[in-house]
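Right, one structure below, let's go through it.
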Amino acid sequence: MKKAIGARASLSSVAILGGLVAAGAVRAETTKSVVVSADLNAASNPFFQTSGSNGAVSGAISVRPQITKHDDNTTFTVDGDFQARQYFEKYGTDLSGYAGANLSQRLSERTTATASAGFRTSRTAMRDVLHLRGDPAATNNPDLVLIDPGLIGTRLRTEIVQASAGLTYVASQRSSWTLGANYAQSWTDSATASDYRYLGGRIGYSHVLSEHTSLIASVDVGSSNYLKTNAGDGFTVSPQVGVSTRLSPTVTLSTQGGVTFASVTQPDGSKRHFTSLAGSFRLCKAGANDSYCLNASRAAQPTVFGGLRSLTRIALDYTRTLNRRDSFTVTGDYTRNDGFKGSGVPDQPNYFGGQASFNRKFNDRFYGFVTAGVEKATNSIISRPANLFGSIGVRYVFGDLR
């Protein structure tokens with residue numbers, strides 16, 4: 001039933017976006033492609049089991065379709081990421097998938113609208129995001145907020161439907177405004193976990209201070225609702241202010257800081273109020289031979305085990321082009337839970353993951369890759385050995401080259 005609801009919600013969102021594009025796109029250019037990859041993987045503890053011999057070897061096939069329509073005013077993309085991994089012992093078959101759509105529509109010289117919708121299902125959400133960010137052939141940008149470290153070691157299947165809409169208005173040569181709304185709903189296949197619904201909104205303002213620097217400010221609001229209980233329901237308001245600047249022709253910096261005011265419903269029906277620091281940091285370089293992005297954020301989010309968390313996350317993505325055939329990527333992710341929570345809600349583990357990949361381009365369509373990495377769950381009630389992993393595989397692009 002949960003899968004049917006999630007699939008229907010995703011398909012409905014994609015259909016709505018498709019209808020918008022069909023009505024507005026004129027003489028659109030269309031590109032279509034499918035990336036197919038296969039790999040052989042060895043991991044010492046792929047599901048963060050607590051003890052014993054947990055290592056396993058597996059093989060996987062991944063399929064990533066993408067269709068993009070583009071004209072002077074509209075860009076519309078439908079993409080997906082579907083993987084079947086077979087463990088040769090212990091863990092059986094593991095299926096995961098993502099399907100989504102993104103739309104950007106220029107309404108006038110001053111106004112642009114955006115919308116997106118997606119559905120994701122996985123038993124290893126954090127690892128999926130880590131691998132996806134380190135894959136140069138990946139087409140969709142994984143969400144960096146709705147990643148729940150409490151799922152580490154549980155092997156629970158999580159299904160998430162997400163949708164968002166935004167509007168940007170250029171008020172003058174120096175000032176612009178943004179409005180946004182987002183929705184998410186999460187389900188798990190366990191009676192001990194909590195399904196929830198989240199609705200959020202944002203208003204933002206940007207003002208040019210100089211040739212390279214702008215003042216940015218925003219106010220975010222969010223409401224989380226657990227579907228089977230009122231305990232853990234929360235409401236947040238987060239005002240922030242900061243700057244966005246270009247440090248050099250290839251390096252940009254954007255940073256904001258503020259506070260989050262939260263109200264969380266306790267098991268007895270009373271309200272508890274919390275205040276926590278909030279903010280974001282993004283430093284990126286887009287060079288000819290190397291590029292990187294360092295992201296950090298602190299924001300409130302619901303969790304499948306109840307309560308409202310303040311989640312701190314640091315993510316690093318680095319790519320180096322060695323020559324016309326070879327490239328090297330490094331991806332790192334650290335996530336920490338603290339703040340808010342409320343009574344009766346257990347502590348959840350923190351997460352660290354890192355991987356490095358070497359990619360070889362044999363021709364315009366055929367690639368090979370080798371990856372090695374490590375994952376570790378910390379601050380866990382039960383000690384969980386780290387997961388060391390490595391894989392080797394190939395990738396082929398059908399259709400239009402990206």
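What follows is calculated from the coordinates using simple rules that are stated; it is not laboratory data. Note that the structure is a prediction, hence the values are computed from the model and not measured. Here the Cβ positions follow ideal geometry from the backbone for every residue, glycine too, while neighbour counts run over all protein chains shown.
Please state, as a whole number in µm²/s, the translational diffusion coefficient that the Stokes-Einstein equation yields for the stretch 44-111 at 10 °C and 1.306 mPa s, with Rh defined as the Kirkwood radius across alpha carbon pairs.
It diffuses with D of about 103 µm²/s by this estimate.
What residues qualify as long-range amide H neighbours of residue 308, i.e. H under 5 Å apart, gap of 5 or more or another chain, H built at 1.01 Å from N?
So residue 308 has HN proximity to 341.
Report the extension gain between residue 294 and residue 212 in nm, rounded to one decimal, defined as 0.36 nm multiplied by the number of residues separating them, less their alpha carbon distance.
Length difference between fully extended and current span is 27.5 nm.
Can you work out ³J(HN,Hα) from phi for every residue in the stretch 253-258, in order, using Karplus 6.51 cos²θ - 1.76 cosθ + 1.60 and θ = phi - 60°, giving whole Hz and x for Gly and Pro?
So the Karplus estimates, Gly and Pro as x, are 9, 9, 8, 9, x, x Hz.
In nanometres, what is the gap between the two model label sites at residue 338 and residue 386, each 7 Å from Cα along Cα-to-Cβ?
2.2
Express the C-alpha Rg of the stretch 214-265 as a ratio against the empirical globular expectation 2.2 N^0.38 Å, rounded to two decimals.
1.67
Using amide H atoms built 1.01 Å from N in the peptide plane, name the residues 5+ places from residue 45, or on other chains, whose amide H lies under 5 Å from its own.
The answer is 388.
In whole Hz, what ³J(HN,Hα) sequence does the stretch 36-49 give by Karplus (6.51, -1.76, 1.60; θ = phi - 60°), x for Gly and Pro?
Going residue by residue, I get 10, 9, 9, 9, 10, 10, 10, 9, 7, 7, x, 10, 6, 5 Hz, with x marking Gly and Pro.
Can you figure out the FRET efficiency of residue 401 with residue 177, using R₀ = 41 Å and their beta-carbon distance, to the nearest 0.05?
0.60
Under a 5 Å amide H to amide H cut-off, with H placed in plane at 1.01 Å, what residues pair with residue 287 once short-range neighbours are removed?
Placed amide hydrogens put 292 under 5 Å from residue 287.
Based on Cα positions only, what radius of gyration and what Dmax would you give for the stretch 174-319, in angstroms?
Gyration radius and largest Cα-Cα distance of the stretch 174-319: 18.2, 58 Å.
Under a plain spin-label model, where a point goes 7 Å from the Cα along Cα-to-Cβ, how far apart in nm are residue 370 and residue 255?
Result for the modelled spin labels: 3.9 nm.
With each label point set 7 Å from Cα along the Cα-Cβ vector, what nm distance links residue 109 and residue 219?
If labels sit at residue 109 and residue 219, their model points lie 3.1 nm apart.
With 29 Å as the cut-off, how large is the P(r) tail for the stretch 243-402, expressed as percent of Cα-Cα pairs?
41
Whole-Hz ³J(HN,Hα) for each residue in the stretch 97-104, computed from phi via Karplus 6.51 cos²θ - 1.76 cosθ + 1.60 with θ = phi - 60°, x for glycine and proline: what do you get?
x, 9, 9, x, 8, 9, 9, 10
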